[in-house]
Amino acid sequence: MSTTTATLEELLAVPYVLDVQAVPGNDGDWRCRVGYDELPGCVAEGRTPFDALTRLERLRVEIVTALHEQGRPVPVPRAPLRV
């Protein structure tokens, strides 16, 4: 799918490979950090995986929408790892 002819709806439906990490927070508790490596700046943290994923999804939509509106290419996700 070419990003020059793809609709915003098609671009938002593209599945990216999720990177998940447990990281220490400022308060000494562990936090969940999630992100999409192919989308620069698309990283979010939360006290729970649900909080982190909710923030990440909002950010992904903002980034993809902004790139599409600016006429810039939306990065293509990498292939998932095979076992």
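The values are calculated or read from the model by the stated rules, or taken from the named source; none is laboratory data. Computed from a predicted structure; not experimentally measured. Methodologically, a virtual Cβ is constructed for each residue, glycine included, from the backbone with ideal geometry; neighbour enumeration extends over all protein chains shown.
Brief remarks on what is shown
- For beta carbons closer than 9 Å, sequence separation of 6+ or different chains, a first residue in the stretch 53-72 that is over 14 Å from residue 41 (Cβ atoms) and a second that is surrounded by 14 or more Cβ atoms within 10 Å (Cβ to Cβ) and of a type in the set (Ser, Thr, Tyr), the qualifying pairs are 68/3.
- Applying the criterion of being among the small types (Gly, Ala, Ser) and part of a helix (DSSP H, G or I) to the residues of the stretch 33-71, the residue that is nearest to residue 23 (Cα to Cα) is 52.
A quick yes/no check of all residues on (1) under 15 Å from residue 78 (Cβ atoms); (2) among the aromatic types (Phe, Trp, Tyr); (3) touching a residue at least 12 places away in the same chain (Cβ under 8 Å); (4) touching a helix residue (DSSP H, G or I) at 6+ places or on another chain (Cβ under 7 Å):
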site: 7; (1), (2), (3), (4): no, no, no, no
site: 10; (1), (2), (3), (4): no, no, no, no
site: 18; (1), (2), (3), (4): yes, no, yes, no
site: 21; (1), (2), (3), (4): no, no, yes, no
site: 28; (1), (2), (3), (4): no, no, no, no
site: 36; (1), (2), (3), (4): yes, yes, yes, yes
site: 43; (1), (2), (3), (4): no, no, yes, no
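- Single residue of the stretch 37-69 satisfying the filter (of a type in the set (S, T, N, Q) and at pLDDT 95 or above) that is nearest to residue 13 (Cα to Cα): 65
- Scanning the stretch 72-82 turns up no residue that is part of a helix (DSSP H, G or I) and either under 21 Å from residue 8 (Cα atoms) or modelled with pLDDT of 95 or more (or both).
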